[in-house]
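**Q** The following block contains the structure, expressed as structure tokens.
The values are calculated or read from the model by the stated rules, or taken from the named source; none is laboratory data. Predicted model, so just to flag it, every value in this text is computed and none were measured. Cβ placement follows ideal geometry from the backbone for every residue including glycine, while neighbour counts extend to all protein chains displayed. Keep in mind that these areas ignore ligands, DNA and RNA; they rest on the heavy atoms of the full protein, side chains included. Shrake-Rupley method; radii C 1.70, N 1.55, O 1.52, S 1.80 Å.
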Amino acid sequence: MKKNNRESEWKERPERTVGVDLGDRFSDYCVVNRDGEVIEEGRIRNNEEAFRRHWEGEPRQRIALETGTHSPWVYRLLQGLGHQVIVANARKVRAIWENESKNDRQDAGMLAQLGYSNPRLLYPIQHRSVERQRDLNLLRARDALVRARTMLINSVRGLVKSAGGRLPKCAADYFAARVSSALPAELVTATRPLVDQITALTFQIRGLDQAIENLAQRYPEIHILRTAPGVGPVVAAAYVLTLDRVDAVAHSRSIGAFLGLRPKQSQSGESDPEHKISKTGNIYLRRLLVQAAHYTLGRFGPDSALRRWGLKLAQGGKRAKKRAIVAVARKLAVLLHCMWRTGQNYQPFPEQTTAAVGAD
């Protein structure tokens, strides 16, 4: 119903359609009238005061802008001022007009023309609410801390190796405690500050882990998703908050393409070459799903139909194993969406469960 209302609204051509190319400090805009003619072009400072001064009190306009760092707050501001705001999928629309003479002014003009002629060509997306964005920021902050800790751990190991030593293997959470006594005396001065930072980062990561664990109280679907193998609080929360809503994709099978886990396609005539995955969509969630797939196929992964299917695909060497991991990540993404949509927990062997129910 929401989609139908939105598309019927798009059919009503407004008096003015505006394309805004959001920059870091300044944004270019282009305005076309009901006949598609450019009537105004300009540049405004990229802050709330300037946007409010420019569009507050103006008649309702259709405003098209690309998704990016500033698009969430701009979207909420302009929509609050009563305008029809369309947020274009940057990956999709850039493939339409990318050329050698690209500039911000042209981008604004193209956004205005596409918004005027056919908003569907912008592949519109919907930004999540302020509350969900705040919760998602917990995951992004944790990811930044984990990557910083990994870099420091690798630096410490590299310094010790360069001196002819080797530190013991251990999980990142226990690295500082395990290696403190194993550091060569001549490297203590150089490595001690790094180890202290690793200790501090570990403490902060654990604090965010607890905050992420508490998200399940506001999003009960997280409990359901966590029943799948390799899906802990971080993966489940990232899945729910990144997709934002279960109808983000029309069908569960479409989630693989949505997250960039499906091979690229460039079929033309009789030519249909095989490509790597497209890697479109959310990078962080895709990486988490791949990590969950590694666990599913690893030595500690519980027995399930998904694991058996993945292990069968992995037979044939290193390349086959890499493909199997991506395939399991894609299938896991589909399963998680089905679980979210139906409200059912993960079933390791769904066919056996169905047969048992039929026998009863």
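**Q** Under 5 Å between amide hydrogens, which residues at least 5 positions from GLY23 or on another chain qualify, with H placed 1.01 Å from N in the peptide plane?
**A** Residues meeting the criterion, in which the H sits 1.01 Å from N, are ASP28.
**Q** Can you pull the accessible area of THR189 for me, 1.4 Å probe, Å² to the nearest 10?
**A** For THR189, the solvent-accessible surface is approximately 120 Å².
**Q** Cα-based Rg of the chain per 2.2 N^0.38 Å, rounded to two decimals?
**A** So the Cα radius of gyration is 1.21 times the expected 2.2 N^0.38 Å.
**Q** What value, in deg cm²/dmol to 500, does the helix sum -39500 (n - 2.57) over DSSP H runs of n ≥ 4 give at 222 nm once divided by the residues of the chain?
**A** That calculation yields -17000 deg cm²/dmol at 222 nm.
**Q** If I stretch the segment between ARG192 and ARG253 completely, what's the gain in nm (0.36 nm per residue apart, minus their alpha carbon distance), one decimal?
**A** Value of the extension gain: 17.0 nm.
**Q** For region 335-342, what does the Karplus curve 6.51 cos²θ - 1.76 cosθ + 1.60, with θ = phi - 60°, yield as ³J(HN,Hα) per residue in whole Hz, taken in order and with x for Gly and Pro?
**A** Per residue, the Karplus-derived 3J(HN,Hα) values read 4, 4, 5, 4, 5, 5, 5, 8 Hz.
**Q** In whole Hz and in residue order, list the ³J(HN,Hα) couplings for region 159-164 that follow from phi through the Karplus curve 6.51 cos²θ - 1.76 cosθ + 1.60, θ = phi - 60°; x for Gly and Pro.
**A** After applying 6.51 cos²θ - 1.76 cosθ + 1.60, I find 4, 5, 5, 5, 9, x Hz.
**Q** Just going by the charge dipole of the chain, with Lys and Arg at +1 and Asp and Glu at -1 on Cβ, which of PHE203, GLY115, PRO14 is farthest out on the positive end?
**A** PHE203
**Q** Tell me, what is the 1.4 Å probe accessible area of SER155, in Å² to the nearest 10?
**A** Number for this one is 50 Å².
**Q** Additional query: Give a residue-ordered list of calculated ³J(HN,Hα) values for region 219-228 (Karplus: 6.51 cos²θ - 1.76 cosθ + 1.60, θ = phi - 60°; whole Hz; x for Gly, Pro).
**A** Each residue's phi maps through the Karplus curve to give 10, x, 5, 4, 4, 5, 5, 6, 6, 7 Hz.
**Q** While we're on this one: Once neighbouring chains are kept in place and the probe is 1.4 Å, which whole percent of the accessible area of the chain is contributed by carbon and sulfur?
**A** Carbon-and-sulfur percentage of accessible area, whole number: 50.
**Q** As a test question: what accessible area, to the nearest 10 Å², does ILE325 have when a 1.4 Å probe is rolled over all protein chains in place?
**A** So the heavy atoms of ILE325 present about 20 Å² to solvent.
**Q** Taking +1 at the Cβ of each Lys and Arg and -1 at the Cβ of each Asp and Glu, which of GLY317, ALA238, LEU289 sits farthest along the dipole of the chain towards its positive end, judged by Cα position relative to the Cα centre?
**A** Positive-end residue among those listed: GLY317.
**Q** Counting only Cα, what are the radius of gyration and maximum Cα-Cα distance Dmax of region 30-120, in Å?
**A** When restricted to the Cα atoms of region 30-120, Rg and Dmax are 12.9, 38 Å.
**Q** If you don't mind, another one. Take every Cα-Cα distance within region 117-265, group them into 10 Å bins from 0 onward, and report for each bin the whole-number percent of pairs it holds.
**A** Result, from short to long distances: 9, 29, 25, 20, 13, 4, 1, 0 percent.
**Q** Full-extension gain between ALA182 and VAL146, please, as 0.36 nm times their residue separation minus the C-alpha to C-alpha distance.
**A** Gain on extension, ALA182 to VAL146, equals 10.7 nm.
**Q** Largest first, what is the accessible-area ranking of GLU56, GLU49 with a 1.4 Å probe?
**A** Most to least solvent-accessible, the answer reads GLU49, GLU56.
**Q** Compute the accessible area per residue over the chain, keeping the other protein chains in place, probe 1.4 Å, unit Å².
**A** 57 Å²
**Q** Between PRO72, GLN106, GLY57, whose Cα lies farthest towards the positive end of the dipole of region 55-151 when Lys and Arg beta carbons carry +1 and Asp and Glu beta carbons carry -1, centred on the Cα centre?
**A** Checking the options against the dipole of region 55-151, the answer is PRO72.
**Q** Return one quarter of the surface area of the convex hull spanned by the alpha-carbon atoms of region 199-258, equal to its mean projected area, in nm².
**A** Mean projected area for region 199-258: 5.0 nm², to one decimal.
**Q** Where Rh is the Kirkwood radius over the Cα pairs of region 165-245, the temperature 10 °C and the viscosity 1.306 mPa s, what D in µm²/s does Stokes-Einstein return?
**A** For the chosen part, D equals 105 µm²/s.
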